[in-house]
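The structure appears below as structure tokens.
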Amino acid sequence: MKQRCAECAMAHRAETVPQRTLCGKQAFRFASWSTVISRVMLVLGSVAVGISACAQPPITQSLPRPANHRTPEGKLINRWWEARRAAGNVGDWYDNRDRGHSKLNIGTNHPQMKQVSYPKEEIARRADWAVQRKLLPFVTLGNSSTSAPPNRGGSNPRHYYVVPQGVAFLYAQYRANNLYVYPEHRDYDPGHDGRTGYGDLYPTNTPYLVISQGSSGSDRAFLQAFAYTMAAFRPKVKETLIDKKLLMPTLQYILRRCYKEVHDPADYLSGKAHPPVFDGKKLDSMRMIHLAQNMTVDTIPPIVQLEVLGEDFTAEQGAQRSEKLADTPVVIARIHRSREFEKHIVVSAKRSADINKKDLDYHWVILRGDTDRIRVKLSDGGATAELTISYHDRRPISPGSVMQSNRVDIGVFVHNGSSYSAPGFVTVCYLDSEARTYDQNGRLLDVYRAAGDTRIGYDTSSATQLFGSRYDISDWPALFSLLGKDAAGLGSDLLRKQLTSDQLVAVARVAEVFRPEYSATLTVKGKLSKQQRAEQRRIQEALAKALTAADPAIGASVKAVLERALNAIRANLNLYFDNTAVIDALADACSDKKGKANFLMAREKLAAIGIAKAGKLRSAVPGATTLTKYEVYQVERMNLAIMSHLLFPAFLRRGEVKNFVDQRLEVPHPWHDVYRYDDAGKLVGWTRFEDGQPGRYVVKEEH
């Protein structure tokens, strides 16, 4: 006991500065993040497994039972406690950092837990709010159901993830028996341009905290499950986990092993068990407490420890920012910034450890990414992996998923014969603001550093969104009219060519639902009575259902079919060149001066960048056999201007939206960099064009 306390004191002296009492315990004020991290990493990193902590107080008859008996989990834990089989929550603390906005009710549900409180001066300077910036010297479960908007910093986890110091601090929490839960709040929602979501905005994936799917209150299910699970461990097991700084790695293993999508060990070694964000509806707290109760000291999971042995990801070089986002013993995070198509990194897991000194098996698993673009070469009995990762464009996180990501996740696991470890991660993030084109030999031809999204429509069945002021299709009846029997003109002809006869019949059927008295309610503005608002909402929901319901005859909804047709027109690179005379005539007759100017500027831009010559499209980038992604993007921008202002002005309002990247990772610039190679394929120079105004470039040559 003296030895454990001495080691605790050493760690605490290295990590903290005494301040005021905290609920009867000694509180600690931490120095700056960088100071804390350097000290904590010294203490924790020097002894990967085996740092001791003060033992839990003994179970006594005078203590309340650990759980609310009204829940099945609570009843079971109380029986285990009374039989001296469960440790309970004695010595566990709860840290709420949103001032009760989303709170674990420890007084009623978990009466053995203690509440972390803050002195008035700390509250005045908001030291009790949002992300936790200090380590607490006792077992701590915490949360903060707070967030900034996605384009203003985003969720609490993203504040940690975008800087090396933040990820390093999280590792220190992970090994200090501190675990926090934060909602993702719009940092992990399907979408791209922010109207429904931005997709996956996290630049890395870690087991250091838990991110809940949703916003305020979505964290509570996890807090409850973790409180129960910590109570369910057998006393000796829990004491050992705390002493060895393995409590939170073990909780992470239990969470993932018992996630409802994980049915067997094979699922555990897959992306199903290790998303960056967890859905509270998929928690199985009963399985979690049983797994905790059945654990013995001999079956405590091992811990994975990673080390980079070599790589071609670079540190900061001149104007290029560092590609190294994080180097911690469990998470290695990189950002692909340099021009190479393939990046290489050699990682060792040989320092992974088991407290019972068992032999370990090593598993390296592609959790997220294109398996055809990732090579894993193992050596040293599987303890070391040479990873070759080719450039990845944004893609669905799994086949058929509406969620997209710009990140590769490779999971690293060790197995001690009875249990897998919690995951380690090697992650690579790709900047969504970049549009890169490589040739067949992996040479970078060009990169545009302010890429955007031109797609029309997005996945939603919400009446509020479909008939709101921001949806791309502003007038569905006007769209239906272009497909009517009496409709004529280029816009009508182009739409009809994209639809089959069965699809046209399905569209006509839905168009009938939008009868005039219903359609009129969509545009009613001004002050409405409560009854009028209810009627408007009822009609809008009925119309939204008609638009988005799957039609067996066409295998999709009418909304999906129409948006697919519009996107096919947008993606037609020859839209203007096949219909030049008609489109130019529409532009001449256009009364919308701003819309006409947008089209003319987009058309002039194609000529200025050199891809539109003699009525044909041809790449202006040396070595490109087809248009590059940047050039395709410029054509699609022009097509959007044609469609929105000339072909479909009655119902389409869609302009380009720049892809969002966290400003702390990269600030997009309207630069188009073009690379040149000699006949042997050696880079001889590159030119930077500033993509501000058509025909105005800042040219930069480097050799």
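Which pairs break 32 Å Cα to Cα here: K530/K596; K114/K260; K545/K629?
On the way: K530/K596 42 Å; K114/K260 30 Å; K545/K629 36 Å.
In this structure, K530/K596; K545/K629 lie more than 32 Å apart at Cα.
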Two-site label geometry, T108 and T388: point separation in nm, points 7 Å out along Cα→Cβ: 6.0 nm
10 Å-binned pair-distance histogram of region 393-442 (Cα, whole percent): 20, 33, 30, 14, 4
All-pairs alpha carbon distance profile, the chain, 10 Å steps from 0, percent: 3, 13, 21, 21, 17, 14, 8, 3, 0, 0
Cα-based reach from K357 at 17 Å (exclusive), listing aspartates and glutamates while leaving out same-chain residues under 8 positions away: D243, D298
Sites E342 and A148 - FRET efficiency at Förster radius 41 Å, r taken between beta-carbons, to 0.05: 0.70
Accessible surface of region 553-703 [probe 1.4 Å, protein heavy atoms]: carbon and sulfur percent: 53 percent
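Can you flag which of K282/K324; K282/K343; K593/K616; K593/K658 are past 30 Å Cα-Cα?
Values: K282/K324 33 Å; K282/K343 35 Å; K593/K616 27 Å; K593/K658 24 Å.
Correct reply: K282/K324; K282/K343.
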All-pairs Cα distance distribution in region 226-340, expressed in whole percent, bin size 10 Å: 12, 33, 28, 17, 9, 1
Helix 558-570 vs. the chain, principal-axis angle (Cα, 0 to 90°, nearest 10): 70 degrees
Equivalent-ellipsoid semi-axes of region 521-668, from the Cα gyration tensor, Å, largest first: 36, 20, 19
Theoretical FRET efficiency, 1/(1+(r/R0)^6), r = Cβ-Cβ of T626 and S62, R0 60 Å, to 0.05: 0.15
Test item: Cα-centred dipole of region 388-437, Lys/Arg +1 and Asp/Glu -1 on Cβ, debye: 40 debye
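Per residue, how much accessible area does region 187-235 show when a 1.4 Å probe rolls over the protein heavy atoms, in square angstrom? Walk me through the intermediate numbers first.
Numbers: 940 Å² over 49 residues.
With the other protein chains kept in place, region 187-235 gives 19 Å² per residue.
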Cα principal axis extents for region 277-372, largest first, Å: 54, 37, 26
Global size of region 443-545 as Cα Rg and Dmax, reported in angstrom: 17.9, 64
Residue (of L104, T454, P66) at the positive-pole extreme of the chain, dipole from beta-carbon charges: P66
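Using a 1.4 Å probe on the protein heavy atoms, what percent of the accessible area of region 149-301 belongs to carbon and sulfur? Provide the component values of the computation, followed by the final result.
Details: 1990 of 3910 Å².
Heavy-atom surface of region 149-301 belonging to carbon and sulfur, 1.4 Å probe: 51 percent.
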Straight-distance crosslink candidates among lysines, where the alpha carbon sits under 28 Å from K358 and sequence neighbours closer than 8 are dropped: K2, K236, K238, K244, K245, K272, K350, K377
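The values are calculated or read from the model by the stated rules, or taken from the named source; none is laboratory data. This one's a predicted model, so the numbers in the text were calculated from it and none came from an experiment. Using ideal geometry, Cβ is built from the backbone for each residue, glycine included, and neighbour counts are taken over all protein chains shown. Side chains included, ligands, DNA and RNA excluded: accessible areas come from the protein's heavy atoms. Shrake-Rupley method; radii C 1.70, N 1.55, O 1.52, S 1.80 Å.
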